[in-house]
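**Q** Quick one: the structure is below, questions incoming.
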Amino acid sequence: MIMRNGGLPERLASHIEESRATGKPLGVLCLGMQGLRQLRIRAGYAAMDELLSQAAARVREVLRPGDELVELGSGDLALVLPGLKDGSHAMLAAAKLLRQFETPIQAAGQPVLASVAVGVAMYPEHADGPESLCRQAEQAMLEARRVPDHMLLGGTPVQSDGVDAAELLEAINGGQLAMHLQPIMDVRQRKVVGAEGLARWFHPSKGAISPGVFIAVAENSGMISQFTRWSANACLQIVAQAREAGHRLPVSMNLSAKAFAERGLVEQLLGALKLWDVEPKDLVLEVTETAIVSDIQRGACQLRQLNAAGIRVSIDDFGVGNASVAYLKQFPATEMKIDQSFVTGMLGDLRSLQMVKAMIAFARQMGMRAVAEGVEDENTLEALGDLGCNLVQGWAVGKPQPASEFIRELAGSGR
């Protein structure tokens, strides 16, 4: 069903009432298209109108019965998705939506590759009313334009002024940033064998700042080197602290695509390992497919040097980027992280299940370990074990938590 903007608050109100009655979360996805003005100038109004019409048609193809499509404005659409399981379920819908725009749209006789971003907000997790729910989704969409995957789950307070590079530098130097850990479990042993480090920022006056915001600030302001240095030291300090508590805890660190353009990246990471007296095999660098294709020669060279030193390399969010097998053969990857958009809900989606199975088999053939993200329930965990997946992470294993709490629980459980 398609609605115009005027009916959105009223329809959301009724959906929220239904969500309260059933106890099932409600999701709102905001999709924004970029570059429309340039298209209108280059090809004319008719081409833009045709593009918008074709875009709406592609969106309708992924709607379930009961979902609603709302036209917010030129190039902006909202999807109302009732009866979702959780935010991961909504992110699966966002990933499917983005895949609808991976091929060009014919507009006025010419192919146009639409640039889109999707923001997601959930009721009641992120907002308690129709207007605030929409604002959360729209903010997430704006922030999603600056992250590699072009989709983002909302949930941070709506900011009126954002943050700038000076504030981020103060956060790095002033101890405002913290590293949380999400456990990674060996499927066969049912044992935690590592963790992913996730940066968090709690601003003294603005509250929690979304990683999608402050990482974009670091990348766009030339501060990615400082942020990478902080991330490496924070992750390796955690490894050292866990070792003092009697546990070996390899930690995965996300590495921005723009970090590869910085001089001294290899020396910086090897120096941090020496500083914290951590074995290289206890550091895993997670690199997205976007990073792989952004500068294939430079990135491959740096990763080969790091891998030769003993550091492990993981291809993050595999399946949603632009990398091909031809690119992958140049990278010394030891792990492949299957994106949560394929894993979440795979038991109810035969195509997703088949793709996960194929990616696990591909990882095995390439000599890599397969890591499934977004594992939210025991049935999915067992299915992944049957498919031969090596490692898993997600809420079925454990939610992100402060590093000190993680290490304390690790010591108490004897895992």
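The values are calculated or read from the model by the stated rules, or taken from the named source; none is laboratory data. The model shown is predicted, which means the values in this text are computed figures rather than measured ones. Neighbour counts are summed over all protein chains in view; Cβ atoms, including those assigned to glycine, are modelled from backbone coordinates with ideal geometry. Surface accessibility is based on the protein's heavy atoms, side chains included, excluding ligands, DNA and RNA. Shrake-Rupley method; radii C 1.70, N 1.55, O 1.52, S 1.80 Å.
**Q** Within region 53-68, whose backbone N sits under 18 Å from a point 7 Å along Cα→Cβ of ALA21?
**A** 66-68
**Q** Just to verify a number: FRET efficiency for ASP49 and ASN173, C-beta to C-beta distance, R0 = 45 Å, to 0.05?
**A** On the way: r = 51 Å, r/R0 = 1.12.
Result of the calculation: an efficiency of 0.35.
**Q** With labels modelled as points extended 7 Å from the Cα through the Cβ direction, what inter-label distance (nm, one decimal) is found for GLU71 paired with LEU113?
**A** 2.8
**Q** Okay, next question. Show me the ranking of peptides 341-352, 188-199 by mean Cβ neighbours inside 10 Å, starting with the highest. Can you show the working numbers first?
**A** Working: 341-352: 19.7, 188-199: 17.7.
Ranking, from highest mean packing down: 341-352, 188-199.
**Q** Using a 10 Å cut-off on Cβ atoms, rank the peptides 84-94, 246-256 from the highest mean neighbour count down.
**A** Packing order, densest peptide first, comes out as 84-94, 246-256.
**Q** Sticking with this one: Expressed in nm to one decimal, what extension gain is obtained for the pair SER132 and ARG42 from 0.36 nm per residue of sequence separation less their Cα-Cα distance?
**A** Residue separation times 0.36 nm, minus the Cα-Cα distance, leaves 28.7 nm.
**Q** Just round it to a whole percent: the fraction of Cα-Cα distances in the chain exceeding 41 Å.
**A** 14
**Q** Follow-up. If you take the beta carbon distance between ALA13 and ARG64 as r and set R0 to 22 Å, what does 1/(1 + (r/R0)^6) give as a FRET efficiency, to the nearest 0.05?
**A** Approximately 0.60, to the nearest 0.05.
**Q** For TRP276, TRP395, TRP230, give the ranking by accessible area with the largest first, probe 1.4 Å.
**A** These residues rank, largest area first, as TRP395, TRP276, TRP230.
**Q** Moving on to the next point. Could you provide, to the nearest whole Å², the per residue accessible area of region 334-404 with probe 1.4 Å? Present the calculation step by step, with values, prior to reporting the outcome.
**A** Details: 2990 Å² over 71 residues.
Using a 1.4 Å probe on heavy atoms only, each residue of region 334-404 averages 42 Å².
**Q** With the contact rule set at Cα under 8 Å and sequence spacing of 6 or more, what percent relative contact order holds for region 188-299?
**A** Answer for region 188-299 is 28 percent.
**Q** A further question follows. Using a 1.4 Å probe on the protein heavy atoms, what percent of the accessible area of region 1-133 belongs to carbon and sulfur?
**A** Ligands and nucleic acids excluded, carbon and sulfur reach 52 percent.
**Q** Just from its helices, what would the mean residue ellipticity at 222 nm be for the chain, if runs of 4 or more DSSP H residues each count -39500 (n - 2.57) and the sum is divided by every residue, rounded to the nearest 500 deg cm²/dmol?
**A** Values: 16 runs with 182 residues, N = 415.
-13500 deg cm²/dmol, from helical runs alone.
**Q** A further question on this structure: With each pseudo-label sitting 7 Å past Cα toward Cβ, what's the GLN354-ARG298 distance in nm, one decimal?
**A** If labels sit at GLN354 and ARG298, their model points lie 4.0 nm apart.
**Q** Moving on to the next point. Place the peptides 231-241, 61-71 in order of packing, highest mean first, counting for every residue the other Cβ atoms within 10 Å and averaging per peptide.
**A** Working: 231-241: 20.9, 61-71: 14.6.
Result, highest mean first: 231-241, 61-71.
**Q** Something else about it: On a full-extension model of 0.36 nm per residue, what is the gain between GLN189 and THR103, subtracting their alpha-carbon distance, rounded to one decimal in nm?
**A** 26.8 nm
**Q** Expressed as a rounded percentage, what relative contact order does the chain have, with Cα pairs under 8 Å and six or more residues apart?
**A** It comes to 13 percent, rounded to a whole number.
**Q** With a probe of 1.4 Å, find how much accessible area region 92-153 has per residue, and write the answer as a whole number in Å². List each step's numbers first, then the result.
**A** Working: 2610 Å² over 62 residues.
Value for region 92-153: 42 Å² per residue.
**Q** Right, next: Please report the antiparallel percentage of DSSP beta bridges with both residues in the chain, rounded to the nearest 5. List each step's numbers first, then the result.
**A** Working: 40 of 68 bridges.
That works out to approximately 60 percent antiparallel.
**Q** Sticking with this structure for a sec: Can you work out the FRET efficiency for the pair GLU409 and MET366, with r the C-beta to C-beta distance and R0 = 35 Å, to the nearest 0.05? Please report the intermediate quantities before stating the final value.
**A** Numbers: r = 34 Å, r/R0 = 0.97.
That pair, GLU409 with MET366, gives E of 0.55.
**Q** Then there's this: Counting only protein heavy atoms and a 1.4 Å probe, tell me what percentage of region 167-243's accessible area is made up of carbon and sulfur.
**A** 50
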